Amino acid sequence: MDVILAIVNDDAVRIIVQLTLLLAFADVVVAILAAIRAKDFTRDRIAEFLGNHLLAAVLPIVTMAVLASGIAAATESGSVPADIAILTGGFWLAARGGLTAYGLSVTKSLQDNLPTVASGSRTPPPPPEA
């Protein structure tokens, strides 16, 4: 029970969870709005958006952070051998790297979808003349 409380109270895990959920929420909302504006929205799009974000990105990133925090807490309490503690750094690195990659992916997706939300057209506007 102490390990679970340590994970729940871990600020790094809390920040990673909040950032990944914020990124997923922003991208899903903007993508749905873009699909509605472009008049190609279907209910299947919601499942696709949520599956691509929650299952493919948020869940693995949060799992890595929880494992890192849990192993660190269990090592401190003596529940697991100290040899296992070496995995903590790898899990933190995977969680932070995944969050960074996901943030870059969401940034690209937002750049692609925001013009559609604004104009209602999936075709990019013509470049300005010089």
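Taken together, the values in this text are just the output of simple stated rules run on the coordinates, not laboratory data. Keep in mind that this is a model prediction, so the values were computed, not measured. With ideal geometry, Cβ positions are generated from the backbone for all residues, glycine too; neighbour counts draw on all protein chains shown.
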Q.
Suppose each label sits 7 Å from its Cα in the direction of the beta carbon; what would the Asp112-Leu55 distance come out to in nanometres?
A. 1.9
Q. What list of ³J(HN,Hα) values in whole Hz, one per residue of the stretch 64-71 in order, does the Karplus curve 6.51 cos²θ - 1.76 cosθ + 1.60 (θ = phi - 60°) give from phi, with Gly and Pro shown as x?
A. 4, 5, 5, 4, 4, 5, x, 5
**Q.** J(HN,Hα) series, the stretch 5-10, from Karplus relation 6.51 cos²θ - 1.76 cosθ + 1.60, nearest Hz, glycine and proline x
**A.** 4, 5, 5, 4, 8, 6
Q: Over the Cα atoms of the chain, compute the convex hull volume and normalise it per residue, giving Å³.
A: 117
Q. Applying the Karplus parametrisation 6.51 cos²θ - 1.76 cosθ + 1.60 with θ = phi - 60° to the phi angles of the stretch 87-97, what ³J(HN,Hα) value in whole Hz is obtained for each residue in order, glycine and proline being reported as x?
A. 6, 4, x, x, 5, 5, 4, 5, 5, 5, x
Q.
For Val80, what residues show an amide H to amide H distance below 5 Å, using hydrogens built from the backbone and excluding near sequence neighbours?
A. Thr75
Q: May I ask you to derive the FRET efficiency for Ile4 and Ala26 from their Cβ-Cβ distance with R0 = 22 Å, giving the value to the nearest 0.05?
A: 0.15
Q.
With a cap of 14 neighbouring Cβ atoms within 10 Å, and only residues DSSP puts in a loop, list the trypsin sites (Lys or Arg not before Pro) found in the stretch 1-96.
A. Lys39
Q | Extended-chain gain in nm, criterion 0.36 nm per residue less alpha-carbon gap, Leu104 and Ile86 | A | 3.7 nm
